[in-house]
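Comments concern the structure below.
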Amino acid sequence: DQQVKQNSPSLSVQEGRISILNCDYTNSMFDYFLWYKKYPAEGPTFLISISSIKDKNEDGRFTVFLNKSAKHLSLHIVPSQPGDSAVYFCAASGVNTDKLIFGTGTRLQVFP
Amino acid sequence: ETGVTQTPRHLVMGMTNKKSLKCEQHLGHNAMYWYKQSAKKPLELMFVYSLEERVENNSVPSRFSPECPNSSHLFLHLHTLQPEDSALYLCASSQEAHLEKLFFGSGTQLSVL
């Protein structure tokens, strides 16, 4: 059973608009969440993270929101740029999971 | 070079072949990992090494054999693989084992015929 789910395999957004990528999790013991970004032919790179003691973390154009009661987090990219086109992976860890649990990824395409 | 480098980038092998994947990290990290990424599946952790000692093996078949001669190098020896083992194999490192922020290599795209 997947503990971290990214239900949208793909997302297409116009340049300059907001991209919202969603992630749901089932394990209430998760307390740290990360987003990784992956370009073709490259490994995933760390993008942004959030601890469960916060509900929002912002880094430039990227903001991650955490809704613990809904077991849901989202990554907002605004404004979206063509260079943001990549696969985005959500990942989670917690006190009873000593490793990162990844989602299946969402492919974002930002078109001009 | 900087970061995490993996060789080869692509590998095609028959089911009776023996091959090895190589990973080297230039970040001074103490932990290294092998992940498998199959199409439409989450990244799966295969092995974790901390200070050259294996600390986790996620029930990986014995046809995959890891080796960590030092904290900068990690190998994955492959033998008698199956077509379903075709996937992208990613190496990663982190400062300490099980720290969340991983640094990944570009991966080896493996095809087993």
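Only residues that are open to solvent by 10 Å² or more (accessible area, probe 1.4 Å) and more than 18 Å from residue A:46 (Cβ to Cβ) were counted across the range A:69-84, and they come to 8.
With respect to the conditions (1) surrounded by fewer than 21 Cβ atoms within 10 Å (Cβ to Cβ); (2) touching a Phe, Trp or Tyr at 6+ places or on another chain (Cβ under 8 Å); (3) under 15 Å from residue B:42 (Cα atoms), residue B:90 lacks only one, and its number is (1).
Yes/no per residue for (1) of a type outside the set (Lys, Arg); (2) open to solvent by less than 10 Å² (accessible area, probe 1.4 Å); (3) within 18 Å of residue A:43 (Cα to Cα):
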| residue | (1), (2), (3) |
| --- | --- |
| B:31 | yes, yes, yes |
| B:36 | no, no, yes |
| B:48 | yes, yes, yes |
| B:52 | yes, no, no |
| B:55 | yes, no, no |
| B:58 | yes, no, no |
| B:101 | no, no, yes |
| B:108 | yes, yes, yes |
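Residue under question is residue B:44, and the condition is that it be of a type in the set (Asp, Glu), open to solvent by 70 Å² or more (accessible area, probe 1.4 Å) and out of contact with any Asp or Glu (no Cβ under 7 Å at 6 or more places or on another chain); does it hold? Yes, satisfied.
Which one of these does residue A:102 not meet: (1) over 19 Å from residue B:34 (Cα atoms); (2) touching a residue at least 60 places away in the same chain (Cβ under 8 Å)? Here residue A:102 clears every test but (1).
Of the numbered criteria (1) more than 12 Å from residue B:78 (Cα to Cα); (2) in a strand (DSSP E or B); (3) open to solvent by less than 30 Å² (accessible area, probe 1.4 Å), the one residue B:11 fails is (1).
Tallying residues that are without any contact (Cβ under 8 Å) to a residue 24 or more places away in the chain and farther than 21 Å from residue B:26 by Cβ within the range B:85-113 yields 0. Within the range A:21-32, the residues that satisfy the criterion of being assigned to a strand (DSSP E or B) and either at pLDDT 95 or above or loosely packed, with under 14 Cβ neighbours inside 10 Å (or both) are A:21, A:22, A:23, A:24, A:25. Filter the range A:1-20 down to residues that are in contact with a Gly (Cβ under 9 Å, 6 or more places away or on another chain) and assigned to a strand (DSSP E or B), then give me how many there are. Residues flagged as in contact with a Gly (Cβ under 9 Å, 6 or more places away or on another chain) and assigned to a strand (DSSP E or B) within the range A:1-20 amount to 2. Residues in the range A:33-68 that are surrounded by fewer than 14 Cβ atoms within 10 Å (Cβ to Cβ), within 12 Å of another protein chain (Cβ to nearest Cβ) and either touching a residue at least 60 places away in the same chain (Cβ under 8 Å) or assigned to a loop (DSSP other than H, G, I, E, B) (or both): A:39, A:40, A:41, A:42.
The values are calculated or read from the model by the stated rules, or taken from the named source; none is laboratory data. Remember, it's a predicted structure, so these values are computed and weren't measured experimentally. Counting neighbours? That spans all protein chains shown, and the Cβs are built from the backbone with ideal geometry, glycine included. Note: areas computed on protein heavy atoms with side chains; ligands, DNA, RNA excluded. Shrake-Rupley method; radii C 1.70, N 1.55, O 1.52, S 1.80 Å.
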